[in-house]
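A short worksheet on the structure shown next.
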Amino acid sequence: MRKEGVSKTERPTQADVVIVGNGALGLFLADELVERRIGSVVVVGPSDREAGASQAAGAMLGCFGETTTESLRTDASRTRFELGVAAHDRWPDVLDRLEGYSRTGSPLMVTPETHVVLNSIGADLDTVNFSAMIEALDEYGKPWEEIDPREIPGFRPRLDTRALRAVHLPAEGAVDARGVLAALDARLRATGAIMVDQTVRTLVRNDGEITGVELDDGHVIEAGTVVVAVGARSEALVRTALDDLDMVPSFPGLGFAMLARRTGGEPFRSVVRTPNRGFACGLHVVPGPGDLEYYGATNRLVDHVSSVTWMADVRFLAQYSMQQLDERVASHEVTRWLAGNRPVTLDGFPLIGWLPLAGLYLLTGTYRDGFHCAPLLAEHVANELQGKPGTIDPMFKPTRRPIETRTIEWSINEYVEHNLAGWFETGAEAAPQMTTAQIADYYRVMATKFYDTMGIDYALGPDILWYAQGSLLGARRVARYFHRLAGGNGSQPAGTATGEARR
Ligand SMILES: Cc1cc2nc3c(=O)[nH]c(=O)nc-3n(C[C@H](O)[C@H](O)[C@H](O)COP(=O)(O)OP(=O)(O)OC[C@H]3O[C@@H](n4cnc5c(N)ncnc54)[C@H](O)[C@@H]3O)c2cc1C
């Protein structure tokens with residue numbers, strides 16, 4: 001139980017549970033554990049949450065707005081999708097609990113609704129994902145209505161990128177991510193959790209069990225249970241205690257977004273977004289808090305976690321927000337630049353579960369909707385820590401084999417579609433005599449060559465393929481992982497076969 005006499009500003013030496021990571025996943029879990037009074041809870045994480053995903057998130061509570069043609073195509077992706085559907089129902093209670101701890105002066109729920117627009121820029125990917133969203137809404141019996149895009153408050157794109165169709169989702173909104181994190185932090189301090197404003201350098205083990213964590217300055221906190229929830233840095237931290245673990249690899253999905261003050265024109269009153277497209281979560285604006293508007297977001301898989309922003313991403317977001325959302329954005333005053341790293345796994349599914357070291361639990365890999373799913377995942381993890389049955393499918397355990405959802409041929413096609421969407425959205429210009437089919441062929445050849453060279457028979461998602469295809473380090477990590485897997489199960493080692501991709 002909680003050690004008496006530990007001041008909340010001091011660093012404790014012992015705890016029942018240490019949660020490493022103070023993003024949405026770590027904080028919601030801590031809140032759930034404190035609610036359940038399961039003992040002393042310590043959360044370790046730097047107060048600036050540098051490079052973290054949660055502090056940069058738009059925090060759309062989106063599940064149907066995020067639908068793609070992939071969402072319901074396989075049993076595994078349907079199970080993943082339904083996490084989002086279930087998570088949605090948790091938010092009214094979450095906000096009731098947190099509102100009293102918020103100091104932002106405006107509601108944590110910045111809008112209860114979303115408009116998804118299908119505009120004339122981009123490519124087929126937008127169209128098919130837009131249709132997939134409508135089918136999913138019907139299948140799950142959720143409310144939606146097709147409206148004239150010109151009726152969306154605040155939405156004033158340039159004429160050449162105007163919307164062709166728009167769907168109103170009255171029950172899918174967004175929260176103020178930074179406000180929610182601050183309220184959670186305040187609530188945790190008030191209810192007895194200990195928040196340590198530092199980073200963990202290494203996990204501490206003794207034979208087959210975890211015994212605690214060592215902070216950057218050498219201070220050790222002993223604990224019987226340690227939960228690693230440091231987002232895109234999780235794999236590296238786990239490896240400080242389990243360096244030869246066969247775990248699904250993960251990569252940082254560096255994203256850029258802006259908070260800006262409107263200086264004129266009609267403000268947005270709902271989330272306005274495109275479907276997911278071109279390797280990313282679509283262009284979107286989230287109104288609030290107050291007179292601010294959040295513009296997001298880029299996504300690029302990178303070798304290392306950092307808080308840098310690519311100049312190309314600044315141009316992308318600024319220019320396309322003006323073109324596709326509201327021409328008045330040009331005179332907005334940017335008050336904050338946000339950069340964060342999404343935890344992206346090789347197979348695109350989260351990593352949630354006990355690791356093969358007694359007392360060590362991993363909670364990460366939530367990619368682009370981890371903020372939304374955090375309260376639901378917290379309930380599941382709290383159950384597991386208490387030795388009770390979990391509340392979600394056990395398929396996400398970190399030591400699984402990568403989940404397969406596509407063939408190599410499908411993977412190459414998806415890669416081509418995403419590249420075409422990116423190509424058209426960014427106004428990329430080829431020689432006039434070049435046709436779309438020729439550009440598609442170019443990307444097809446690149447992807448085919450990649451599989452031939454790698455010799456892997458696991459079909460990657462378009463974002464991982466894009467990354468591994470463009471990064472030597474990325475390609476090596478992917479190849480090495482499959483090589484180990486293949487060696488482990490006695491099948492032909494990836495990368496050492498005939499060089500022919502098996503399609
Ligand atoms: C630009 C952008 C937009 C997004 N938009 C949305 C959205 O609209 N809706 C949605 O649901 N999701 C969104 N996401 C995804 C979502 O933010 C993530 O899935 C989720 O926040 C991940 O939370 P986390 O707690 O696992 O990781 P993080 O938020 O990354 O938190 C990890 C924390 O651990 C800390 N840390 C790192 N190393 C250590 C260490 N060694 N010791 C202690 N602490 C450490 C970090 O500082 C950080 O605070 C977005 C992400 C980005 C980047």
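Please go through the stretch 158-184 and pick out each residue that is free of Cβ contacts under 8 Å to residues at least 12 places away in the same chain and within 30 Å of THR104 (Cα to Cα). Across the stretch 158-184, there are no qualifying residues.
Residue-wise test of (1) surrounded by 13 or more Cβ atoms within 10 Å (Cβ to Cβ); (2) farther than 30 Å from ALA330 by Cβ.
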position	(1), (2)
ASP160	no, no
ALA171	yes, yes
VAL175	yes, no
GLY179	yes, no
LEU188	yes, yes
THR191	yes, yes
ILE194	yes, yes
ARG205	yes, yes
GLY208	no, yes
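Number of residues in the stretch 81-120 that are exposed (fewer than 15 other Cβ atoms within 10 Å of the Cβ) and hydroxyl-bearing (Ser, Thr, Tyr) equals 2. The condition of being within 13 Å of the ligand (Cβ to nearest atom), part of a loop (DSSP other than H, G, I, E, B), open to solvent by less than 40 Å² (accessible area, probe 1.4 Å) and touching a strand residue (DSSP E or B) at 6+ places or on another chain (Cβ under 8 Å) does not hold for ALA232.
For the stretch 83-92, the criterion of being touching a Lys or Arg at 6+ places or on another chain (Cβ under 9 Å) and either of a type in the set (Val, Ile, Thr) or part of a loop (DSSP other than H, G, I, E, B) (or both) is met by at least one residue. When the stretch 323-347 is limited to residues that are out of contact with any Pro (no Cβ under 8 Å at 6 or more places or on another chain) and within 19 Å of VAL305 (Cβ to Cβ), the one that is most open to solvent (accessible area, probe 1.4 Å) turns out to be TRP337. Only one of the numbered conditions (1) of a type in the set (A, V, I, L, M); (2) open to solvent by less than 20 Å² (accessible area, probe 1.4 Å); (3) at pLDDT below 80 is violated by ALA486, and that is (3). Screening the stretch 182-221 for residues that are touching a helix residue (DSSP H, G or I) at 6+ places or on another chain (Cβ under 6 Å) and under 30 Å from GLY65 (Cα atoms) and picking the one that is farthest from the ligand (Cβ to nearest atom) gives ALA183.
When the stretch 38-59 is filtered for residues that are at pLDDT 95 or above, surrounded by fewer than 23 Cβ atoms within 10 Å (Cβ to Cβ) and of a type in the set (A, V, I, L, M), only ALA51 remains. Note on the stretch 319-350: residues that are near the ligand (Cβ under 10 Å from one of its atoms) and out of contact with any Phe, Trp or Tyr (no Cβ under 6 Å at 6 or more places or on another chain) total 4. When GLY387 is tested against (1) at negative phi; (2) surrounded by fewer than 20 Cβ atoms within 10 Å (Cβ to Cβ), exactly one condition is not met: (1). I need the full set of residues from the stretch 52-61 which are assigned to a loop (DSSP other than H, G, I, E, B) and either within 18 Å of ARG189 (Cβ to Cβ) or near the ligand (Cβ under 6 Å from one of its atoms) (or both), in order please. Residues satisfying the conditions are GLY52, ALA53, ALA57, GLY58, ALA59.
Could you tell me how many of the residues in the stretch 142-157 are touching a residue at least 24 places away in the same chain (Cβ under 8 Å), of a type in the set (Lys, Arg) and either in contact with an Asp or Glu (Cβ under 6 Å, 6 or more places away or on another chain) or open to solvent by 100 Å² or more (accessible area, probe 1.4 Å) (or both)? Count: 1.
For the stretch 90-134, how many residues meet the condition of being under 24 Å from VAL167 (Cα atoms), free of Cβ contacts under 8 Å to residues at least 24 places away in the same chain and not assigned by TED's automatic domain parsing to the domain that holds PRO153? Total meeting the criteria: 1.
Matching residues to (1) part of a loop (DSSP other than H, G, I, E, B); (2) within 15 Å of the ligand (Cβ to nearest atom); (3) open to solvent by 40 Å² or more (accessible area, probe 1.4 Å):
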{"position": "PRO289", "(1), (2), (3)": "yes, yes, no"}
{"position": "GLU293", "(1), (2), (3)": "no, yes, no"}
{"position": "THR298", "(1), (2), (3)": "yes, yes, no"}
{"position": "HIS304", "(1), (2), (3)": "yes, yes, yes"}
{"position": "SER307", "(1), (2), (3)": "yes, yes, yes"}
{"position": "LEU317", "(1), (2), (3)": "no, yes, no"}
{"position": "PRO356", "(1), (2), (3)": "yes, no, yes"}
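Filtering the stretch 235-272 to residues that are part of a strand (DSSP E or B) and over 21 Å from the mean Cα position of the chain (by Cα) leaves ALA260, ARG261. Restricting HIS380, HIS284 to residues that are near the ligand (Cβ under 10 Å from one of its atoms), touching a strand residue (DSSP E or B) at 6+ places or on another chain (Cβ under 9 Å) and either open to solvent by 20 Å² or more (accessible area, probe 1.4 Å) or under 30 Å from ARG103 (Cβ atoms) (or both) narrows the list to HIS284. Across the stretch 155-178, the qualifying residues are those that are assigned to a helix (DSSP H, G or I) and within 14 Å of the ligand (Cβ to nearest atom), and the one among them that is nearest to the chain's Cα centre (by Cα) is ALA177.
Only a single item in (1) surrounded by fewer than 16 Cβ atoms within 10 Å (Cβ to Cβ); (2) over 19 Å from ASN22 (Cα atoms); (3) hydrophobic (A, V, I, L, M, F, W, C) is not met by ALA241, and it is number (1). Screening GLU113, GLU50, GLU35 for residues that are among the acidic types (Asp, Glu) and under 30 Å from HIS304 (Cβ atoms) leaves exactly one candidate, GLU50.
Checking each residue in the stretch 425-469 for being open to solvent by less than 20 Å² (accessible area, probe 1.4 Å), farther than 27 Å from GLN324 by Cβ and not in a helix (DSSP H, G or I) picks out GLY455, ILE456, TYR458, ALA459, LEU460.
The values are calculated or read from the model by the stated rules, or taken from the named source; none is laboratory data. None of these values were measured; they are calculated from a predicted model. Cβ sites come from the backbone with ideal geometry, for glycine too, and all protein chains shown count toward neighbours. When the accessible area is computed, the model is the full protein with side chains, heavy atoms only, and any ligands, DNA or RNA have been set aside. Shrake-Rupley method; radii C 1.70, N 1.55, O 1.52, S 1.80 Å.
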